[in-house]
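Reading through the structure tokens given below for one structure.
The values are calculated or read from the model by the stated rules, or taken from the named source; none is laboratory data. What you are looking at is a predicted structure, and each value in this text was computed from that prediction instead of being measured. Methodologically, a virtual Cβ is constructed for each residue, glycine included, from the backbone with ideal geometry; neighbour enumeration extends over all protein chains shown. Only protein heavy atoms, including side chains, enter the accessible area calculation; ligands, DNA and RNA are left aside. Shrake-Rupley method; radii C 1.70, N 1.55, O 1.52, S 1.80 Å.
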Amino acid sequence: MKVTVLEPYGYCAGVDLAISLALKTKKENASKNVVVLGMLVHNQDSLKTLENHGIKTIFKQNSSLDELIDEIKEPSIVILTAHGHSKAIEEKLIKNGHQIVDATCPFVKKSMEDINKEISKENDVFYIGIENHPEANAAISLSNKVHLIDAKNPIIPTISSESPMVISQTTLSESEVKDAISLIKSKYPKSTFAKGICNASTMRQKAILSLDKDVDKIYVVGGLNSNNSKTLFNLAKETYPNVSVELIQNADNIKEKDLLGLSHIVISSGASTPKEVIEQIKSKLLN
């Protein structure tokens, strides 16, 4: 059986920075309570690594970051996730006696800076993203002049600006934002467009789009909460309708019965999937 691992794989630069920063913080503060507010990255294997080093993740499904702060009962060092956050979150943490370590991805920071520049010019911003994703929540918290355009169901509001800036959530794909962009261009032809989708996401998407025709199965490896992994999965399903595509978290999810008769398997992975998880999957497939 032939097994192809698509590159790049392993942590992207932003995730690597966030994980390294969290581990460094705990090492330098071994006796203190170090927690992550929300999911530092959307990958369970990565979160287990943090837990094994004594770093607790404060997260509840459908709970806001504001609500999660109330779950931290003692003064702690609080690591803020790679996805960004609002200023109000920082202010509440400080008010509650916590120290802050900001692990926001540099590319997400750049997007937020671009948005702030437009706001400072009194211009509106259309942010194409996924509703309730932490990065999208961080973006719309910057100003009421930032309007979330749901990538899955784009509805373009009426605003006073003739030339709003348009920017996308970093984890999306070109295909996911094309409908929203088309509608915006139609309604606001003078719109300007800023780069939103990060290079790490784009490179992984391009690798999916350039597969050989002899592929029997595609495993997309990533956390079930990872939007960039879901994007890769949907892109593979859409591009190769006759190929079996499966989203898995790690080698434990592979069933031997699903491998019978296959000659070429491709492994793609999200930006927060550890490299060792990919190596374990490859080893299992080849053995």
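Points to keep in mind about this one:
- Cβ pairs under 6 Å, 6+ apart, first in the range 96-118 and in a helix (DSSP H, G or I), second surrounded by fewer than 19 Cβ atoms within 10 Å (Cβ to Cβ) and of a type outside the set (K, R): D114/A194; I115/L142
- Taken over the range 166-193, residues that are touching a Gly at 6+ places or on another chain (Cβ under 7 Å) and among the polar types (S, T, N, Q) amount to 3.
- Annotation: of all residues in the range 194-232 being of a type in the set (G, A, S) and open to solvent by 20 Å² or more (accessible area, probe 1.4 Å), the one that is nearest to A136 (Cα to Cα) is A194.
- Set side by side, the residues D66, D45, D70 differ, and just one is open to solvent by less than 40 Å² (accessible area, probe 1.4 Å) and either modelled with pLDDT of 95 or more or not aromatic (F, W, Y) (or both), which is D45.
- When L260, L235 are checked against the criterion of being at pLDDT 90 or above, of a type in the set (A, V, I, L, M) and open to solvent by 90 Å² or more (accessible area, probe 1.4 Å), L260 stands alone in meeting it.
- Enumerated helices (runs of 4 or more DSSP H) restricted to the range 156-259, each holding at least 2 residues that are under 22 Å from Q280 (Cα atoms): 199-209, 227-239
- Search result, residues across the range 263-287 that are surrounded by fewer than 16 Cβ atoms within 10 Å (Cβ to Cβ) and part of a helix (DSSP H, G or I): K275, E276, E279, S283, K284, L286
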